[in-house]
1. Could you go through the stretch A:5-20 and let me know if any residue there is among the hydroxyl-bearing types (Ser, Thr, Tyr), under 30 Å from residue B:74 (Cα atoms) and within 14 Å of DNA strand D (Cβ to nearest atom).
2. Look at the stretch B:119-139 and say how many of its residues are assigned to a loop (DSSP other than H, G, I, E, B) and at the interface with chain A (Cβ under 10 Å from one of its Cβ atoms).
3. Return yes or no: is residue A:104 open to solvent by less than 10 Å² (accessible area, probe 1.4 Å) and away from DNA strand C (no atom under 12 Å from the Cβ)?
4. Looking only at the stretch B:278-328, which residues are at pLDDT below 95, part of a loop (DSSP other than H, G, I, E, B) and open to solvent by less than 50 Å² (accessible area, probe 1.4 Å)?
5. Among the residues of the stretch B:39-54, how many are within 16 Å of DNA strand D (Cβ to nearest atom) and within 9 Å of another protein chain (Cβ to nearest Cβ)?
6. Can you pull out the residues in the stretch A:26-53 that are part of a helix (DSSP H, G or I), open to solvent by less than 80 Å² (accessible area, probe 1.4 Å) and of a type outside the set (D, E, K, R)?
7. Can you run down the residue pairs with Cβ atoms below 6 Å, 6 or more apart or on separate chains, where the first is in the stretch B:270-286 and more than 22 Å from residue A:264 (Cβ to Cβ) and the partner is among the polar types (S, T, N, Q)?
8. If I go through the stretch B:92-118 residue by residue, how many of them are more than 15 Å from residue B:74 (Cα to Cα) and of a type outside the set (Asp, Glu)?
There are 2 protein chains.
Amino acid sequence: MAGIKDVARQAGVSVGTVSNVINRPEAVLPDTRARVLAAIEELGYVRSESARQLRAGRSRIMALLVLDMGNPFFVDVARGAERAAREAGLGVMVCNSGQSPEEEAEYLGLFAEQRVCGVLVTPADATGGNLEAFARHRIPYVLVDRVAATTDTCAVSVDDVRGGTLAVGHLVSAGHRSVAYVSGPGDLHQIRDRRQGALAALAEAGLGPEALVEIPSDRLDVAAGRDAGARLLGLVPRPTAVFCANDLLALGVLQSLYAAGVRVPQDIAIVGYDDIEFAAAAAVPLTSVRQPAVVMGRMAAELLLEEADDADGGHRHRSVVLQPELVVRASSAAPR
Amino acid sequence: MAGIKDVARQAGVSVGTVSNVINRPEAVLPDTRARVLAAIEELGYVRSESARQLRAGRSRIMALLVLDMGNPFFVDVARGAERAAREAGLGVMVCNSGQSPEEEAEYLGLFAEQRVCGVLVTPADATGGNLEAFARHRIPYVLVDRVAATTDTCAVSVDDVRGGTLAVGHLVSAGHRSVAYVSGPGDLHQIRDRRQGALAALAEAGLGPEALVEIPSDRLDVAAGRDAGARLLGLVPRPTAVFCANDLLALGVLQSLYAAGVRVPQDIAIVGYDDIEFAAAAAVPLTSVRQPAVVMGRMAAELLLEEADDADGGHRHRSVVLQPELVVRASSAAPR
DNA sequence: CCCACCGATTGAATTGTTTCAATCCGCTCG
DNA sequence: CGAGCGGATTGAAACAATTCAATCGGTGGG
């Protein structure tokens with residue numbers, strides 16, 4: 001494959017001039033430039049990103065590590081991040097940790113080797129150990145969908161406690177007195193915060209924590225939701241409402257209930273979380289807590305760019321907390 | 001950031017030895033190795049991928065360029081490809097062309113600069129011009145979800161003509177005599193093949209092409225489906241069935257009909273395509289043509305690896321065609 | 001007459017790793 | 001005693017770009 005030297009020889013100039021044609025065209029005489037461009041075209045020359053990275057010290061790629069790209073919520077986050085990155089001339093490398101701290105560590109290692117210019121990460125490791133280790137490499141990173149534990153990190157999150165309160169508050173004000181919470185991996189902050197918000201809503205209505213019946217789940221997908229739905233049906237007494245930690249679970253629960261002939265919302269009301277596009281198209285359109293996913297992705301990328309561009313340590317870490325919004329649809333209503 | 005030279009100095013050995021410790025540990029005496037590893041740990045050394053790429057001539061990254069990651073079908077393709085790639089120790093860089101030939105060209109250029117070891121691509125450019133230009137770089141690529149136009153490319157596809165026949169054959173045998181086809185960008189092969197299959201099914205039942213009423217659409221997402229649904233409602237006479245080019249469109253159409261009080265399947269039957277996870281969870285569970293997306297992604301990646309690993313030109317290009325499968329659910333039934 | 005400066009171009013240094021031929025050391029065999 | 005050998009280690013070349021100080025001939029001012 002042709003290199004810059006071949007182009008220089010072909011055009012009868014030095015490699016430095018070829019480099020200038022590519023990077024600072026205005027600094028080269030028009031006819032020299034034309035000659036070089038012709039040589040580039042003729043040889044099919046493409047500059048090597050690895051060589052320029054080597055010199056620059058870091059790549060022009062931003063990494064995004066999410067829990068699961070099978071969840072449309074994260075696809076939206078990625079969309080927002082990608083748009084911001086491309087505006088800055090950067091590529092985005094999207095990876096799934098699958099909620100596994102080990103996979104997360106592996107990917108972070110990969111990012112360090114790649115010398116990515118920064119990492120957007122939805123942490124899968126509750127201890128924060130992975131990121132603590134990663135910080136050593138002095139590659140900037142921004143937490144996504146997670147509040148910053150310390151002040152030495154930027155973060156963009158959505159107020160999950162408030163989201164939980166919105167969801168369960170809505171159910172309680174519709175008359176429900178016992179609510180199931182289909183949760184997810186207990187070490188995810190999002191899950192815990194949403195539960196806490198749910199408990200707060202119950203407390204405000206004078207109900208104790210026993211009014212929230214937890215149905216644990218180790219994954220956050222539709223299949224896990226079907227599973228949880230089956231377990232929900234077996235509960236005695238059966239709660240009159242379900243709050244699901246995300247929409248995928250809610251869709252799975254809905255399918256389960258539907259298959260068992262349980263009517264939604266007459267017999268059981270359902271509220272999901274994320275308001276993914278498919279929530280509105282569900283068997284019974286799903287009440288859900290909407291998160292500004294695209295905005296979150298974009299803001300996270302912008303914070304990262306700010307931190308990465310700031311060579312002199314003038315950067316001040318910031319935490320942005322966005323607000324969720326309840327979208328009421330047919331799946332929630334008064335009990336019986 | 002510490003480099004291999006710093007490690008060598010710290011451990012009192014040469015850079016070559018450090019390289020050996022990392023890449024061929026058995027070739028270094030245990031205590032030397034221990035000393036080097038200690039130095040690596042102490043300095044927090046991480047080898048630079050760009051430097052090793054520079055030497056190797058190509059990167060350890062496989063690119064995947066799909067039409068739209070917002071479509072769960074492509075997420076599944078990506079999953080399959082990623083699994084195969086990781087087994088081979090490669091990373092995957094996933095990008096969306098958004099069905100735009102310009103974006104496709106831009107990304108292909110990026111991949112050439114990155115010297116990726118190969119590209120999996122769902123072509124957005126019907127002319128094939130982008131890939132023809134790309135072939136010049138001698139970077140192997142495999143067509144995904146598209147039959148190869150020539151024999152100098154590997155390809156993995158699903159028989160879309162057969163898929164269209166399955167879908168519309170099912171509708172016809174249920175008694176429908178007029179079927180709407182909610183299509184997509186006309187320059188996508190998938191769309192055209194599915195239409196052709198639909199026409200074949202109609203012909204087999206003695207119906208002419210006028211029995212297929214096309215409702216064009218320039219995108220393939222839920223919003224475009226809602227749009228198409230609205231147009232469907234305005235048709236006189238109104239077809240009794242709709243075949244949608246993919247499930248996102250079908251879900252959108254379903255929402256539209258639902259909102260207008262049209263009953264599915266009693267008033268209009270719907271058949272989608274892809275059988276994404278959300279099809280089964282829709283307002284009316286969606287009949288759909290299932291594609292083996294994960295398998296397709298995996299096979300494509302494996303073909304690519306085979307081609308990339310093959311230094312001497314012994315590689316023979318292959319085209320794999322997978323078979324789709326009709327999954328009948330509530331959204332399709334006999335008319336009136 | 002000399003020097004500073006002009007814009008364009010050059011040549012060399014630099015980046016971090018891998019690889020390979022050369023070297024070194026201790027050992028054995030002739 | 002010296003040659004030969006094998007394993008461990010070294011040192012330098014190579015990779016492909018960027019960048020920067022040096023250089024070119026020509027010009028105008030002091």
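1. In the first step, residues of the stretch A:5-20 are kept if they are among the hydroxyl-bearing types (Ser, Thr, Tyr); the result is A:14, A:17, A:19.
When the remaining residues are screened for being under 30 Å from residue B:74 (Cα atoms), the result is none.
No, the stretch A:5-20 has no match at all.
2. First pass over the stretch B:119-139, keeping only residues assigned to a loop (DSSP other than H, G, I, E, B): B:122-128, B:136-139.
Right, trim to at the interface with chain A (Cβ under 10 Å from one of its Cβ atoms) and you get B:136-139.
Total satisfying the criteria: 4.
3. Numbers: open to solvent by less than 10 Å² (accessible area, probe 1.4 Å): yes; away from DNA strand C (no atom under 12 Å from the Cβ): yes.
Considered against the rule, which asks whether it is open to solvent by less than 10 Å² (accessible area, probe 1.4 Å) and away from DNA strand C (no atom under 12 Å from the Cβ), residue A:104 comes out as yes.
4. Correct list: B:280, B:281, B:283, B:284, B:285, B:310, B:315.
5. Matching residues across the stretch B:39-54 total 8.
6. Step one: filter the stretch A:26-53 for residues part of a helix (DSSP H, G or I), giving A:26-27, A:30-43, A:49-53.
Narrowing the set further to residues that are open to solvent by less than 80 Å² (accessible area, probe 1.4 Å) leaves A:27, A:32-34, A:36, A:38-40, A:43, A:49-53.
Within the stretch A:26-53, A:27, A:32, A:34, A:36, A:38, A:39, A:40, A:43, A:50, A:51, A:53 qualify.
7. If the second residue must be among the polar types (S, T, N, Q), the pairs left are B:271/B:287; B:271/B:332; B:272/B:288; B:273/B:246; B:274/B:246; B:274/B:291; B:275/B:288.
8. From the stretch B:92-118, those more than 15 Å from residue B:74 (Cα to Cα) are B:100-118; that's our starting set.
Those left that are additionally of a type outside the set (Asp, Glu): B:100-101, B:105, B:107-112, B:114-118.
Residues flagged as more than 15 Å from residue B:74 (Cα to Cα) and of a type outside the set (Asp, Glu) within the stretch B:92-118 amount to 14.
The values are calculated or read from the model by the stated rules, or taken from the named source; none is laboratory data. Treat the numbers as computed from the prediction; the structure is a model and nothing was measured. Positions of Cβ are generated from backbone atoms using ideal geometry, with glycine treated the same way; all protein chains shown enter the neighbour counts. Accessible surface is based on the protein model in full, side chains and every heavy atom, while ligands, DNA and RNA are left aside. Shrake-Rupley method; radii C 1.70, N 1.55, O 1.52, S 1.80 Å.
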